[in-house]
Amino acid sequence: MENLMKLKQLSLFLENKPGTLGRPIRLLARAGFNIVTLSIAEANQFGILRLIVSDWERAKKLLEKNGLVVRVTDMVAVEVADKPGGLSKVLGVLEKARINVEFMYAFTEKREDRAVLVFRFDDPDNAIKTLKAAKVNVVSSVELLRQA
Amino acid sequence: MKKIQASNFHPVSAPDFLPRGELENLQLRRLQHMVGRAYDHVPLFKQRMEERGLTAADVRTLDDITKLPFSVKTDLRDTYPFGLFASPMRYIVRLHASTGTTGKPIVVAYTREDIGVWENVVMRSFAACGLHAGDIIQNAYGYGLFTGGLGAHYGGEALGATVIPISGGNTERQLTVMKDFGSTAICCTPSYFLHIIEQAQAMGMDLKQLPLRAGIFGAEPWTESMRRRIEAESGIKAYDIYGLSEIIGPGVAMECECQAGPHVFEDWFYPEIIDVKTGKPVPDGEEGELVLTTLGKEAMPMIRYRTRDITALAGGRCECGRTLRRIHRIGRRCDDMFIIRGVNVYPSQIETALLKVEGALPHYQIILTREKGLDEVEVQVEVTRDVLGDTVGALEQVQRRLCQSVETLTGLRVNVRLVQPQTLQRSEGKAKRVLDQRKM
């Protein structure tokens, strides 16, 4: 069960020059993958594209076959109330347990009156346990990607 | 001492085991003939001999070779295209050429007998690493003007092996053919084979499950660490073959199954090691520039050709029993050395620095530029799966460690730029490690 609670994120290295973001995105588009959400981290000379896609294993294969280097990491998706204080409550739980958030970003799709955020933790299993114990809704990957 | 097994011995390898005295007699006879031929038919050589007050008759012993003038690559350019030929065109059956990276290409020629010599040494090269009739050789050296493709092709066929003339490039097809045809050996540059390994991994193919057991790698300098990586990741034995078009092509020297450095086919090529600066010979075991004299090349004899390759002649017998001397792995060329802010740097030093940080050697290229009179070095390094994370911090740290490692080893402050995987040029001929864009 714990395993389904984790979401696979694909990370790609991008050089900081025109066209480098377009290439992987086009490859995925042509093969009919839906990008559920993404974020980009940037440094001076390069960036890292992080993607969550419907069928990550096939997407990874496709990207690698086209010469891109892909790294897979476990993410945790959390549902928060889409109202003031929603995120604050979740962060409070983590703070209390002294769990560090490496980074996070949001899902574009909303689920009724709730927003979904993806978190990157050092130890995702421990984070899931802590969040669940505090009655925070951790969304399973199956449930999330069903819509995609 | 490991004796060669009768079952592995191919008769064509017999000259590899000649007693030194006999070999030296043969060398002297051939050298005298070669010098006479060059003197009579190559005006540039005759002129240089006359300047030194020498004639062909002055070569009485093998040591007399040190009196003869050197030849260099620019001689081939200056006499482009046919100025160094010693045979009329009606006896020349083949021309090869190299694309000149600076200016004119160089052209080399072969008579039918020369092709026979070439075939002989390549055959002995394959036999030395245990190939024989029944082996399937996937020849991924480029066919065409480059000597690699046809050189390996003729030698493989002469041995009785099955040759697949697939030529270089199209890596997916290389892998399909390797699997479907059951290739047992492959010929290509070591950097191209690393690329094949990467592609196989991306396609989810395990090279260790295939019949492939030997790689004959050459046409560019490579390192022991590359050999270890190739052998660990593909399960094959990686052998170093050495050659250059000016002398004949691949097959000037080749490793035996002991993998202890390429044996020079001394009955056809006479090796010397000289001090790069003074031109004086250095004793066996000491490093210097490799100088080669062809002992049986009719169309284009080369006397004391300076290869620009830095190596040493290994003293002592090889365990295989061959009497042919070995050269140490050629890791660098005087050509590749660059001087930056007064410091002499070899790409192999940069390579060692990268290896220290990453554990395995990434693809890299060194770019030299000059801005406002100041030389800059940029080392472009392809990002591998091993160093990639999902945060920029981790990668920036890799970048910093690479810079530090290069500085520690060379004393040079360089910029390291991480680039996308598989964007640096892969070569089918010689890998271009240094791009000098400085306007002098």
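The values are calculated or read from the model by the stated rules, or taken from the named source; none is laboratory data. It should be emphasised that the depicted structure is a prediction, and the values quoted were computed from it without experimental measurement. Counting neighbours? That spans all protein chains shown, and the Cβs are built from the backbone with ideal geometry, glycine included.
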Could you please tell me which pairs satisfy a Cβ distance under 8 Å, a separation of 6+ or placement on different chains, a first residue in the stretch B:208-234 that is at pLDDT 95 or above, and a second residue that is among the basic types (Lys, Arg)? B:LEU210/B:LYS179; B:ARG213/B:LYS237; B:ALA214/B:LYS237; B:GLY215/B:LYS237; B:GLU231/B:LYS237; B:SER234/B:LYS208
What tally of residues in the stretch B:381-413 results from selecting those that are under 14 Å from A:GLN45 (Cβ atoms), more than 10 Å from chain A (Cβ to nearest Cβ) and buried (at least 17 other Cβ atoms within 10 Å of the Cβ)? 4
Taking the residues in the stretch A:62-97 that are part of a strand (DSSP E or B) and away from chain B (no Cβ under 14 Å) as candidates, determine which candidate is modelled with the lowest pLDDT. A:ALA81
Can you say whether B:ASP114 is surrounded by 20 or more Cβ atoms within 10 Å (Cβ to Cβ), farther than 23 Å from B:MET226 by Cα and in the same structural domain as B:ASP206 (by TED's automatic domain parsing), as far as the supplied structure shows? yes
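Give the residues of the stretch A:1-44 that are of a type in the set (A, V, I, L, M, F, W, C) and within 13 Å of chain B (Cβ to nearest Cβ), sorted by residue number.
From the stretch A:1-44, those of a type in the set (A, V, I, L, M, F, W, C) are A:1, A:4-5, A:7, A:10, A:12-14, A:21, A:25, A:27-29, A:31, A:33, A:35-36, A:38, A:40-41, A:43; that's our starting set.
A:LEU7, A:LEU10, A:LEU12, A:PHE13, A:LEU14, A:LEU21, A:LEU38, A:ILE40, A:ALA41, A:ALA43, listed by residue number.
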Output for Cβ contacts, cut-off 7 Å, separation at least six or different chains, first residue more than 20 Å from B:VAL276 (Cβ to Cβ) in the stretch B:62-75, second crowded, with 16+ Cβ neighbours inside 10 Å and modelled with pLDDT under 95, reads none
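For (1) under 20 Å from B:GLN422 (Cα atoms); (2) crowded, with 22+ Cβ neighbours inside 10 Å; (3) touching a Cys at 6+ places or on another chain (Cβ under 8 Å), each residue gets a yes or a no:
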site: B:LEU159; (1), (2), (3): no, yes, no
site: B:THR162; (1), (2), (3): no, no, no
site: B:GLY182; (1), (2), (3): no, no, no
site: B:CYS187; (1), (2), (3): no, yes, no
site: B:HIS195; (1), (2), (3): yes, no, no
site: B:PHE217; (1), (2), (3): no, yes, yes
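Answer yes or no: is there a residue in the stretch B:156-165 that is assigned to a strand (DSSP E or B) and of a type in the set (A, V, I, L, M).
Looking for residues that are assigned to a strand (DSSP E or B) and of a type in the set (A, V, I, L, M), one finds at least one in the stretch B:156-165, hence yes.
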How about the stretch A:73-85: which of its residues are surrounded by fewer than 16 Cβ atoms within 10 Å (Cβ to Cβ) and either at negative phi or hydrophobic (A, V, I, L, M, F, W, C) (or both)? A:ALA81, A:ASP82, A:LYS83, A:PRO84
Going through (1) surrounded by fewer than 15 Cβ atoms within 10 Å (Cβ to Cβ); (2) touching an Asp or Glu at 6+ places or on another chain (Cβ under 9 Å) one by one, A:PHE46 fails only at (1)
